[in-house]
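Novice: Right, I'll just put the structure down here and ask away after.
Taken together, the values in this text are just the output of simple stated rules run on the coordinates, not laboratory data. What you see is a predicted model, and the numbers here were worked out from it, not measured in a lab. So basically every Cβ, Gly included, is an ideal-geometry build from the backbone, and we count neighbours across all protein chains shown.
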Amino acid sequence: MADNAHNHDAQGGTEIPPANTGLIWRTFIILSVITAFEFTLAYLMKAGGLRTSIFVGMTLVKAFYIVGEFMHLKHEVKSLIWAITVPVLFIVWLLIALLTEGGSIFQLR
């Protein structure tokens with residue numbers, strides 16, 4: 001009986017769990033739908049600020065979804081999520097401010 005328990009313990013961690021392909025397919029479908037919507041907008045909408053804003057917004061949604069799913073951030077504690085999200089928001093704000101203010105140099109001359 002002791003020999004049987006020893007063999008069970010030695011082989012207990014060697015089994016490979018079944019793949020969770022449903023989650024992978026769901027992620028693939030969600031990202032494909034968002035990408036297809038982006039391509040549709042690219043061909044149907046005129047170039048302008050609204051189209052650019054929609055593209056930036058959808059790109060951020062896809063980026064946060066990819067980070068949450070593939071980097072497993074979705075399953076982390078909230079303080080880590082906020083520690084990553086807040087600096088990213090400040091960087092986006094900085095880029096918008098720099099692009100907005102950078103264009104004003106041509107208006108002064």
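Novice: What angle, in degrees between 0 and 90 and rounded to the nearest 10, separates the Cα long axis of helix 21-44 from the longest principal axis of the Cα atoms of the chain?
Specialist: 10 degrees
Novice: Using the Cα gyration tensor of the chain, with a ≥ b ≥ c the square roots of its eigenvalues, what is the shape: rounded (a/c below 1.5), prolate (a/b larger than b/c) or oblate (neither)? Numbers along the way, then the final one.
Specialist: Values: a/c = 5.99, a/b = 2.28, b/c = 2.62.
Verdict is oblate for the chain.
Novice: Also, I was wondering about something else. Can you give me the angle between helix 49-70 and the longest principal axis of the chain, using Cα atoms only, in degrees from 0 to 90, rounded to the nearest 10?
Specialist: 10 degrees
Novice: Do the sum for the chain: with -39,500 (n - 2.57) for every DSSP H run of n ≥ 4, divided by all residues, what is the mean residue ellipticity at 222 nm, to the nearest 500 deg cm²/dmol? Mind dumping the intermediate values first?
Specialist: On the way: 5 runs with 85 residues, N = 109.
Using -39500 (n - 2.57) per qualifying helix, the result is -26000 deg cm²/dmol.
Novice: Continuing with the same structure: Report the Stokes-Einstein translational diffusion coefficient (µm² s⁻¹, integer) for region 14-72, Rh taken as the Kirkwood radius over Cα pairs, at 20 °C with viscosity 1.002 mPa s. Mind showing how you got there, number by number?
Specialist: On the way: Rh = 13.3 Å.
Translational diffusion coefficient: 161 µm²/s.
Novice: Helix 2-11 sits at what angle to the longest principal axis of the chain, using alpha carbons and giving 0 to 90 degrees rounded to 10?
Specialist: It is inclined by approximately 20 degrees.
Novice: Within a Cβ distance under 14 Å of Thr52, other residues only, what is the Lys/Arg minus Asp/Glu net charge? It would help to have the intermediate numbers written out before the result.
Specialist: On the way: positive: Lys46, Arg51; negative: Glu38.
Charge balance near Thr52 sits at +1.
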